[in-house]
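The values are calculated or read from the model by the stated rules, or taken from the named source; none is laboratory data. Note that the coordinates shown come from a computational prediction; the quantities given were computed from them, not determined experimentally. Note that each Cβ is placed from the backbone with ideal geometry, even for glycine, and that neighbours are counted across all protein chains shown. Quick note on the areas: whole protein, heavy atoms, side chains included, nothing else; ligands and nucleic acids left out. Shrake-Rupley method; radii C 1.70, N 1.55, O 1.52, S 1.80 Å.
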Amino acid sequence: AQTVTQSQPEMSVQEAETVTLSCTYDTSENNYYLFWYKQPPSRQMILVIRQEAYKQQNATENRFSVNFQKAAKSFSLKISDSQLGDTAMYFCAFMKHKNDYKLSFGAGTTVTVRA
Amino acid sequence: DAGITQSPRYKITETGRQVTLMCHQTWSHSYMFWYRQDLGHGLRLIYYSAAADITDKGEVPDGYVVSRSKTENFPLTLESATRSQTSVYFCASSPTFPGPEGYEQYFGPGTRLTVT
């Protein structure tokens with residue numbers, strides 16, 4: 001299995017502030033796919049953002065953006081203007097190529113947004 | 001539009017018993033997956049299926065059995081449950097070809113299984 005590492009088990013951020021979650025991965029593939037999933041207390045897994053390795057431009061989705069550093073095998077998630085509803089566990093996930101479909105997940109980072 | 005459903009949502013069973021977790025999707029997605037979620041491990045792939053009657057092992061398949069006779073259903077069976085199989089189980093599905101936004105797996109709500 002591919003190795004995906006999230007080195008921050010927990011993070012806390014004040015409402016309206018910015019928080020950045022780190023993710024590193026190990027692969028010898030070139031055209032792979034990276035994802036951030038959110039799991040709120042409801043337990044439902046929700047896709048936040050995705051990045052295709054062959055695209056140099058960093059993906060953005062509203063208040064969520066990534067910093068994809070292919071050479072460093074790093075894929076961090078930035079949450080801007082944090083809201084109470086962002087409180088959740090966040091998982092970084094890796095798919096090694098387009099015909100693989102399987103995801104390898106990191107251990108997760110619990111984000112708590114404080115009012 | 002039910003999407004992907006799992007049943008039961010909660011299950012308590014005893015060591016040594018057989019238990020089956022059900023997964024049903026209404027999108028006719030080709031790919032289906034079973035993951036288990038444990039603290040400190042994230043989600044780990046147990047089994048997956050590329051189509052009806054095609055299944056393959058994931059990262060942690062020992063102690064589990066799957067079948068897929070119909071595209072929409074992908075049950076996971078624990079043949080003789082052990083305490084180490086206490087976990088939250090997620091089913092997911094994915095279409096063969098990505099949508100306009102790209103690849104994505106769609107997850108069910110999860111089943112919390114406790115083996116006593």
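Remarks
- For the range A:66-110, residues shielded by at least 40 square angstrom of accessible area compared with the chain on its own, probe 1.4 Å: A:TYR101, A:LYS102, A:LEU103, A:PHE105, A:ALA107
- 3J(HN,Hα) couplings calculated from phi for the range A:26-42 with the Karplus curve 6.51 cos²θ - 1.76 cosθ + 1.60 (θ = phi - 60°) are, in sequence order, 10, 7, 10, 6, 10, 10, 10, 9, 10, 9, 10, 10, 10, 10, x, x, 5 Hz; Gly and Pro show x.
- Of all aspartates and glutamates in the structure, the ones whose alpha carbon falls short of 19 Å from that of A:LYS70, not counting any fewer than 8 places away in one chain, are A:ASP26, A:GLU29, A:GLU52.
- Less than 5 angstrom separates the built amide H of B:TYR47 from those of B:TRP34, B:GLY58, all sequence-distant by 5 or more or on a different chain.
- Interface burial for B against A (accessible surface, 1.4 Å probe, total of both chains, Å², rounded to 100): 2100 Å²
- Rounded FRET efficiency, nearest 0.05, which uses the C-beta distance separating A:ARG63 from A:ASN30 and R0 of 45 Å: 0.90
- Spin-label model distance (nm) - A:LYS55 vs B:THR15, 7 Å beyond Cα toward Cβ: 5.0 nm
- A:TYR32 accessible area, assembled protein chains, probe 1.4 Å, Å²: 0 Å²
- Each Cα pair of the protein assembly as shown feeds into the Kirkwood radius, which the Stokes-Einstein equation turns, at 20 °C and 1.002 mPa s, into a diffusion coefficient of 118 µm²/s.
- Relative contact order (%) - criterion: Cα under 8 Å, at least six apart; region: chain A: 38 percent
- Accessible surface of B:ARG112 - all protein chains present, 1.4 Å probe, nearest 10 Å²: 110 Å²
- Surface exposure of the protein assembly as shown, expressed per residue as accessible area with a 1.4 Å probe, stands at 48 Å².
- Pairs from the table (B:LYS11/B:LYS57; A:LYS55/A:LYS78; A:LYS38/A:LYS98; B:LYS11/B:LYS70; A:LYS102/B:LYS11; A:LYS73/B:LYS70) lying more than 29 angstrom apart at Cα are A:LYS73/B:LYS70.
- Rolling a 1.4 Å probe across all protein chains gives A:MET11 an accessible area of roughly 50 Å².
- Taking B:TYR31, A:TYR37 and ordering them by how much accessible surface each has at a 1.4 Å probe, largest first, produces B:TYR31, A:TYR37.
- The translational diffusion coefficient of chain B, from Stokes-Einstein at 20 °C and 1.002 mPa s with a Kirkwood hydrodynamic radius over alpha carbon pairs, comes to 151 µm²/s.
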